[in-house]
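*Asks:* Handing you a structure now.
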Amino acid sequence: MPGMIWLVIALPLLGAAINGTVALVCASTKRAAPKMLVSLLGVGLPFLAFFIAARFFYVLASFDAGEFAPAIPPLYTWVAFSDWVLQIGVRTDQLSMVMVLVVTGVGSLIHLFSIGYMEKDPGYARYFAYLNLFLFFMLLLVLGDNLLVMFVGWEGVGLCSYLLIGFWFTDAAKAYAGKKAFVVNRIGDFGFMLGILLIWVTIHNAVEPGSALLNFEVIKQVALQEGNPLIPAATAICLCLFVGACGKSAQIPLYVWLPDAMAGPTPVSALIHAATMVTAGVYMIARLNFLYALTPLALTVVAWTGCITALFAATMGLVQDDIKKVLAYSTVSQLGFMFIGVGTGAFSAGIFHLMTHAFFKALLFLGAGAVIHAMHHEQRLSAYGGLRKYLPITFTTCLVATCAIAGIYPFAGFYSKDAILWSALHPPIAIAGHTYIWGLGILAAGLTSFYMFRMMGLAFFGPRSEAGKQIHCHKEDSVTMLVPLVILAVLSFVGGWIGVPKGFGGADHFHHFLAPVFVHQPHLEHDESLEMLVGLGTMLWGSLWAIVALAIYAGRSEAPARMAARFKGWYYVLVHNYFVDEIYDRYLIRPLVWVSREVLWKIQDALLIDRIGVHGTGRVALLLGRMGAAVETGATPHYIFAMILGAVVMLWWMIL
């Protein structure tokens, strides 16, 4: 059974290889792709991977607390030099298996939804090839047993996001969005690489010869040993790694690629935003919890960055008119909550919210996809209204997801968000200003509830807008699109029950299940009554914002227009997303482009390398050749004269 875990990784790769081949053959022969075959492989193999992972998880869950699954031998030695080795291996502990179930489970449902959504797209086989490849790299990322394998998966999902966001690459704006995601992620990846190199330099003298140097278990042993050499460098290492997390998980200041990632097909947005790429940063910090636990300063930076991002993105979600942009800023904000969790040392709370968020965010994106599909790819909320009678299943499932993300009791998001806010109020590790983080988190939670119910009010309630009346709304008739919505709605409702805290009469099973993975999980004396009061207070706060949003937007009142006119300046700034893209363009991108063009290209490349280095060397050789040719006349008197002249010079040199 343990060896079968390799199949979980290999099956999506097999799907990518076959569907990629089909796409290439069809493109070269100008023939349509065999959709039945592509769908069977593209969707069936990820589902098979999920069932194998579920079986493995069942075996793992039967172990007693503190026990680990049997060690799985490495596949092969990748690099061996000096006294160290780097191996291709997997780690199947509680944390990685939770992630594998989320990635394969939610990912497979998104694959299934794609059958209906992409049915008429000419790039059908290419789409599933990219989607399968995305799943393969994400599984490699979460299952890798060392930093180098994780980094391969890390880069792989970056590549796939570029391919999928720019899937409709003939549209220049969509191609630009894919390029933007790729470039911004490379900035974060540079920090991630620096962190890996710092770990290498710091611990290579502290491990036994023959050890797998970047293996998580080896790093953990070094971090826990007496006279830990990692302590002096821990803050620098963790901050460098966190730069990588900011890029991949869209945190300030590297969040700007995620809203533009809406350019790809909507199921792609669901896959990137819910279960895969954007969660990589949170997972990486949770995986290296033993390292972050050494440095409260780095954890403080993580928690505050998450807090500011959660609030900042929530304010931008208040005024978006594009349904996918609302969800994009919502993702950025919810990722901020997850970083509050891991930043306060409550690693299991961060992973708990990651899991529930995968359920309701995938549902929200797929629901948005169903609406967009029914409305002939119209994405403006102002063109919707009254859609619940046309799309009753989509409306019901989206309402469940909205209640979950708003933290309404007893939906899944209530428990996970409550766990994070509670950890901010009572952090397991001392964090500077944690009560302010809690207060700002409460505010962000209220704003989340407001903009999500605003979206529901504009899309599904009230009369059809004037613009919407011009668009014929299709009925729901695709089973492959409806089944994932229903399954995810069930998970969005009950998915949080596995982590019900004691304050609400539960046993916090999720926390106890992950406890063996985290080295720093001190048992805190809970005031369960206080925990329940805080949780209920948070829920009432979110419910109040939800009622206000529905009261304003469900009936399409004039209140939003009056508010926009009264606070014209603030509204203008929010509509333009604080002008962050414009600021980056003016003060960062343009100077870099100028330096690249005027210095690196014109001076370094064109002048120094091309004209002086390459062409200059050639011209010198040509000149010397011509001088030589002038001397080599073939006339004997000239050679005799040269010999005499040379002899005179030598005698003169010797005499002097």
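The values are calculated or read from the model by the stated rules, or taken from the named source; none is laboratory data. A quick note: this is a predicted structure, and the numbers were derived from the prediction, not measured. A quick note on method: Cβ atoms are made from the backbone with ideal geometry, for glycine too, and the neighbour counts reach across all protein chains shown. Note: accessible area is taken over every heavy atom of the protein model, side chains too, but ligands, DNA and RNA are not part of it. Shrake-Rupley method; radii C 1.70, N 1.55, O 1.52, S 1.80 Å.
*Asks:* Average projected area of the Cα convex hull of region 448-544, in nm²?
*Replies:* With the hull built on Cα positions only, its mean projection is 10.2 nm².
*Asks:* Keeping all protein chains in place and using 1.4 angstrom, which order do Trp545, Trp84 fall into by accessible surface area, from largest down?
*Replies:* The ordering from most to least exposed comes out as Trp545, Trp84.
*Asks:* Using every Cα-Cα pair within region 1-59, state what percent have a distance larger than 14 Å.
*Replies:* 58 percent
*Asks:* Follow-up question, since we're still on this one. Any idea which of Ser529, Gly618, Gly42 is furthest toward the positive side of the dipole for the chain, if Lys and Arg beta-carbons carry +1 and Asp and Glu beta-carbons -1?
*Replies:* Value: Gly618.
*Asks:* Still on this model: Using only Cα atoms, find the angle between the long axis of helix 412-425 and the longest principal axis of the chain, and express it within 0 to 90 degrees, rounded to the nearest 10.
*Replies:* 70 degrees
*Asks:* Let me ask another. Could you work out the longest stretch of the chain that avoids the trypsin sites (Lys or Arg not before Pro) located in DSSP loops with at most 11 other Cβ atoms within 10 Å?
*Replies:* Answer from the scan: 121-474.
*Asks:* If you don't mind, there's one more thing I want to ask. Could you tell me how many degrees, from 0 to 90 and to the nearest 10, lie between the Cα long axis of helix 392-405 and the main elongation axis, the longest principal axis, of the Cα atoms of the chain?
*Replies:* 80 degrees
*Asks:* Kirkwood Rh, region 362-413, all Cα pairs: how many Å?
*Replies:* Working: mean 1/r = 0.0867 Å⁻¹.
Over region 362-413, the inverse of the mean reciprocal pair distance is 11.5 Å.
*Asks:* Along the charge dipole of the chain, which of Phe167, Ala561, Val342 sits closest to the positive end, that is, farthest toward it, with unit charges on the beta carbon of Lys, Arg, Asp and Glu (+1, +1, -1, -1)?
*Replies:* Most positive-ward Cα: Ala561.
*Asks:* Put His509, His474 in order of accessible area, largest first, 1.4 Å probe: what do you get? Walk me through the numbers before you get to the answer.
*Replies:* On the way: His509 115, His474 75 Å².
So the residues, ranked largest to smallest area, are His509, His474.
*Asks:* Moving on to the next point. Principal axis extents for region 165-204, Cα atoms only, whole Å, descending order, please.
*Replies:* Principal axes ranked by extent give 48, 13, 8 Å for the Cα atoms.
*Asks:* For region 298-378, compute Rh as the Kirkwood radius over C-alpha pairs and then the Stokes-Einstein diffusion coefficient at 25 °C and 0.890 mPa s; write the answer in µm²/s, rounded to an integer.
*Replies:* It comes out at roughly 183 µm²/s.
*Asks:* Note down the Stokes-Einstein diffusion coefficient of region 567-634 in µm²/s, whole number, using a Kirkwood radius over alpha carbon pairs, 37 °C, and 0.692 mPa s. Write out the running numbers ahead of the final one.
*Replies:* On the way: Rh = 16.3 Å.
It comes out at roughly 201 µm²/s.
*Asks:* Can I ask one more? With a Cα-only, solvent-free Debye model of the chain, what are the log10 I(q)/I(0) values at q = 0.07 Å⁻¹?
*Replies:* Log10 I(q)/I(0), no solvent term: -0.48.
*Asks:* Another one. So for region 146-296, averaging the separation of alpha carbon pairs under 8 Å that are six or more residues apart and normalising by length, what relative contact order in percent results?
*Replies:* 29 percent
*Asks:* May I ask you to give the percent of accessible area on the chain that is carbon plus sulfur, with a probe radius of 1.4 Å?
*Replies:* Exposed carbon and sulfur together represent 70 percent of the surface.
*Asks:* If you don't mind, there's one more thing I want to ask. Report the normalised scattering of region 542-594 as log10 I(q)/I(0) at q = 0.16, 0.20, 0.22, 0.31 Å⁻¹, calculated by the Debye formula with identical scatterers on the alpha carbons.
*Replies:* The Debye formula, applied to the Cα set alone, gives -0.65, -0.79, -0.86, -1.03.
*Asks:* Continuing with this model, one more query. Any chance you could give the angle, 0 to 90 degrees and rounded to 10, that helix 5-29 forms with the longest Cα principal axis of the chain?
*Replies:* Tilt relative to the chain: about 70 degrees.
*Asks:* If the viscosity is 1.567 mPa s and the temperature 4 °C, what Stokes-Einstein diffusion coefficient in µm²/s follows for region 1-150 when Rh is the Kirkwood radius over Cα pairs?
*Replies:* Values: Rh = 16.5 Å.
Stokes-Einstein gives a translational diffusion coefficient of 79 µm²/s.
*Asks:* In Å, what Kirkwood hydrodynamic radius results for region 429-470 from the alpha-carbon pair distances?
*Replies:* 13.0 Å
*Asks:* Using alpha-carbon positions, what is the distance between the centroids of region 245-268 and region 355-392, in Å?
*Replies:* 19 Å
*Asks:* Let me ask something additional. Just from the alpha-carbon atoms, what are the Rg and Dmax of region 205-266 in angstroms?
*Replies:* 17.5, 52
*Asks:* Could you work out the percent of alpha carbon pairs in region 282-322 separated by over 16 Å, rounded to a whole number?
*Replies:* That fraction is 50 percent.
*Asks:* Then there's this: In Å², and per residue, what accessible area does the chain have when probed at 1.4 Å with the other protein chains present?
*Replies:* On a per-residue basis, the chain sits at 43 Å².
*Asks:* Then there's this: Principal axes first, then extents: for the Cα atoms of region 147-236, list largest minus smallest coordinate on each axis, whole Å, largest first.
*Replies:* For region 147-236, the Cα extents along the three principal axes come out at 57, 24, 16 Å.
*Asks:* Check cross-link reach from Lys469 to the lysines: straight Cα distance under 19 Å, and skip same-chain residues fewer than eight apart.
*Replies:* Straight-distance partners of Lys469: Lys389.
*Asks:* Can you give the Rg/Rh ratio of region 102-168, where Rg is from the C-alpha atoms and Rh is the Kirkwood radius?
*Replies:* On the way: Rg = 12.8 Å, Rh = 12.5 Å.
Result for region 102-168 is an Rg/Rh of 1.02.
*Asks:* Report relative contact order for the chain in percent, whole number only (criteria: Cα-Cα under 8 Å, sequence separation at least 6).
*Replies:* Relative contact order of the chain: 12 percent.
*Asks:* Convex hull volume of the Cα atoms in region 531-656, per residue, in Å³?
*Replies:* That works out to 334 Å³ per residue.
*Asks:* Taking Rh as the Kirkwood radius, which is the inverse of the mean 1/r over Cα pairs, what is the Rg/Rh value for region 217-345?
*Replies:* Reported Rg/Rh (Cα atoms, Kirkwood Rh): 1.05.
*Asks:* Evaluate Rg over Rh across region 273-427, taking Cα atoms for both radii and Kirkwood's formula for Rh.
*Replies:* 1.03
*Asks:* Run through every distinct alpha carbon pair of region 252-312 and return the Kirkwood hydrodynamic radius in angstroms, one decimal place.
*Replies:* The answer is 13.3 Å.
*Asks:* Would you work out the charge dipole size for region 529-656 about its Cα centre, treating the Cβ of every Lys and Arg as +1 and the Cβ of every Asp and Glu as -1, and quote it to the nearest 20 debye?
*Replies:* 400 debye
*Asks:* OK, next. For region 340-462, what are Rg and Dmax over the alpha carbons, in angstrom?
*Replies:* 16.6, 52
*Asks:* Quick one: longest stretch of the chain between exposed loop GluC sites (Glu not before Pro), exposed meaning at most 13 other C-beta atoms within 10 Å and loop per DSSP?
*Replies:* Value returned for the longest uninterrupted segment is 227-524.
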